[in-house]
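What follows is one structure encoded as structure tokens, with my remarks underneath.
Derivation of every value follows stated rules applied to the coordinates shown; laboratory data play no part. From a predicted model like this one, the values you see are computed outputs, not experimental measurements. Neighbour counts are summed over all protein chains in view; Cβ atoms, including those assigned to glycine, are modelled from backbone coordinates with ideal geometry.
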Amino acid sequence: MSYPFEGDWTLIPELSHCDEGAPPASGRYRISVEGRELTLLIDWEDADGAAHHVAFTGLADGAVREAGEEGMKASFHIKDDCQLISHAYNSGLEVSYAHRRASRDGTILNVLQFHNRPDGTRSMRLQTYRRTQS
């Protein structure tokens, strides 16, 4: 691992907040970097007990590229080794922004996400993770 945000993370639900709805009951986050290529795997159980999974890849060079479903694009940027920032776009409009910041010692990861709605409002999620012990 060359970045403090790389690795396997376990959600700390009591330190996670959503401005709408309840935060996940549990979650796992895996971030890996090989060269400039990122892989992010996220699994979580929502407050009602339903399981969810999302996986995506990208290049950490700030360029906007095709990603996911038709019309979707994304960009990724590594800032000062501890921060990974992404933007997602649908039909040219930014639909989400995520700022992942690891503590310098690599023990804690905060993920701040904003989701923009078509009506101009936005929602926010803050999730805090602890490095998973092997």
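What the table shows:
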item	result
Trypsin sites (Lys or Arg not before Pro), loop per DSSP, at most 15 other Cβ atoms within 10 Å - longest free stretch of the chain	37-103
Segment 47-91: C-alpha gyration tensor shape, a/c 1.5 cut-off, then a/b vs b/c	oblate
Ellipsoid semi-axes in whole angstrom, largest first, where each is sqrt(5λ) of the Cα gyration tensor of the chain	22, 20, 13
Rounded D (µm²/s) - segment 1-77, Kirkwood Rh over Cα pairs, Stokes-Einstein at 10 °C, 1.306 mPa s	113
Cβ-defined net charge surrounding Ala74, 15 Å radius [Lys, Arg +1; Asp, Glu -1]	-2
Ranked packing of 105-114, 40-49, most packed first, by mean Cβ within 10 Å	105-114, 40-49
Whole-Å semi-axes of segment 1-41's equivalent ellipsoid (Cα gyration tensor)	26, 10, 8
Filtered GluC sites (Glu not before Pro), segment 7-44: DSSP coil and at most 14 other beta carbons within 10 Å	Glu20
Cα centre as origin, Lys/Arg/Asp/Glu Cβ charges: segment 7-131 dipole, Debye	380
